[in-house]
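Enquirer: What follows is a single structure, and I will ask about it in a moment.
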Amino acid sequence: MIFSSLTFFVFLAVVLGLYRALRGDQQRRWMLLFASWFYYGWWNPWFLGLILMSTLWGYAFALKIGEESDPLRRKRLLAVALVCDLFLLGYFKYANFFIDSFAQAFGITNTTILEVLLPPGISFFTFQSMSYLIDVYRREIVVCHSLRDYMLFVAFFPQLFAGPIVRATEFLPQLLKPLTTTRENVAIGFQLFLLGLVQKLVFADNVATFVDPVFKAPALYDTATLWLAMGGYSLQIFCDFAGYSLMAIGLGRVLGFTLPQNFDMPYVSRSITEFWRRWHMSLSRWLRCA
């Protein structure tokens, strides 16, 4: 259910209608949580078990780390929790690579039955869970005792598949106050969403129609066309990724949440270091704080 699809617009209309109709803060939180689970399970309902498992052990480990006073035990609990997260991420990210390598080494031609489906958004919700555990360990955030609110932090649908990566210190404090939205937030949010939609549909998708054929058969094209394709791909990948991030930020704003900026005109950077700071900024912040 991508943001530019008709199915998503129907889903969003239902969510916003319910959000406006429900007056109670607790009802709105439950509705957003179930809507986020529905959104995640749309492609493959079995993956709901995966995100629930990851969420539950992150919540449980954080409670134990927050209650524990012994520094060594706290460090061990954090290490076990992070290993669990990294194992989960590594298995789904690289299992197919090892299966293919094994098959090539032993001459196995049919490995379809062994292939592992990659759950969408697994990097984003795993990184967010890890950031929460690290922040609790460092005592930079108070342990979230509400399982529902923590589940909403992990599964919040606007940024679940394509970011930005939201740290617990950026999201959970927003749940300490009632969920409300304003006309200003709705107006700004939809403007951001529309801008991101234009980047995705008008620029990224149209440039892809030129770039993709060139990259599929580069020997058929002259040097000038290849250089144009390289430049076009740079534009395509930026507008695609930045467009999705901007749509996510806009949707969050409509619902009353502030999500962090993810791109800041990276192609005007004067150095690789500056480019790194401007490109996928939420990942850079996560790596610096982790």
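Enquirer: So if I restrict to the alpha-carbon atoms in segment 183-259, what is the Rg, and what is Dmax, the biggest pairwise distance, in Å?
Expert: Final numbers for Rg and Dmax: 16.2, 54 Å.
Enquirer: For each of 203, 153, count neighbouring Cβ atoms within 10 Å of the residue's Cβ, then give the residues from fewest to most.
Expert: Starting with the residue having the fewest Cβ neighbours, the order is 203, 153.
Enquirer: Quote the FRET efficiency, to the nearest 0.05, computed for residue 6 versus residue 70 with a Förster distance R0 of 41 Å and r equal to the Cβ-Cβ distance.
Expert: E between residue 6 and residue 70, to the nearest 0.05, is 0.15.
Enquirer: Going by how many other beta carbons lie within 10 Å of each one, how would you line up 38, 238, fewest first?
Expert: The fewest-first ordering by Cβ neighbours comes to 38, 238.
Enquirer: Would you kindly state the longest site-free stretch of the chain, with sites defined as GluC sites (Glu not before Pro) in a DSSP loop (not H, G, I, E, B) surrounded by at most 13 other Cβ atoms within 10 Å?
Expert: 141-290
Enquirer: Report the per residue volume, in Å³, of the convex hull enclosing the C-alpha atoms of segment 6-176.
Expert: 127
Enquirer: In percent, what relative contact order does the chain have, based on Cα pairs under 8 Å that are 6 or more apart in sequence?
Expert: It rounds to 19 percent for the chain.
Enquirer: State which stretch of the chain is the longest one without any exposed trypsin sites (Lys or Arg not before Pro), exposure meaning a DSSP loop state and at most 15 other Cβ atoms within 10 Å.
Expert: 140-269
Enquirer: Rounded if a/c is under 1.5, else prolate if a/b beats b/c, else oblate: with a ≥ b ≥ c from the C-alpha gyration tensor eigenvalues square-rooted, which is segment 145-290?
Expert: Note, shape of segment 145-290 comes out prolate.
Enquirer: Using a Förster radius of 51 Å, what is the FRET efficiency between residue 146 and residue 201 based on their Cβ-Cβ separation? Nearest 0.05, please.
Expert: Result of the calculation: an efficiency of 0.85.
Enquirer: Would you kindly compute the Cα radius of gyration of segment 127-201 and its largest Cα-Cα separation (Dmax), both in Å?
Expert: 14.6, 43
Enquirer: Quick check on the chain: helices-only [θ] at 222 nm, where DSSP H runs of length 4 and up contribute -39,500 (n - 2.57) each and the sum goes over total residues. Nearest 500, please.
Expert: -22500 deg cm²/dmol, from helical runs alone.
Enquirer: If the chain between residue 117 and residue 22 were fully stretched, how many nm would it gain, using 0.36 nm times the residue separation less the Cα-Cα distance?
Expert: 30.5 nm
Enquirer: Let me ask something additional. Quick one: give the max-minus-min coordinate of the C-alpha atoms of the chain along each principal axis, largest first, in Å.
Expert: 64, 56, 42
Enquirer: Which of rounded, prolate or oblate describes segment 51-94 when judged by the alpha-carbon gyration tensor and an a/c cut-off of 1.5?
Expert: Note, shape of segment 51-94 comes out oblate.
Every number in this text was worked out from the coordinates using simple rules, so none of it is lab data. Just so it is clear, the model here is predicted, and its values are computed rather than measured. Methodologically, a virtual Cβ is constructed for each residue, glycine included, from the backbone with ideal geometry; neighbour enumeration extends over all protein chains shown.
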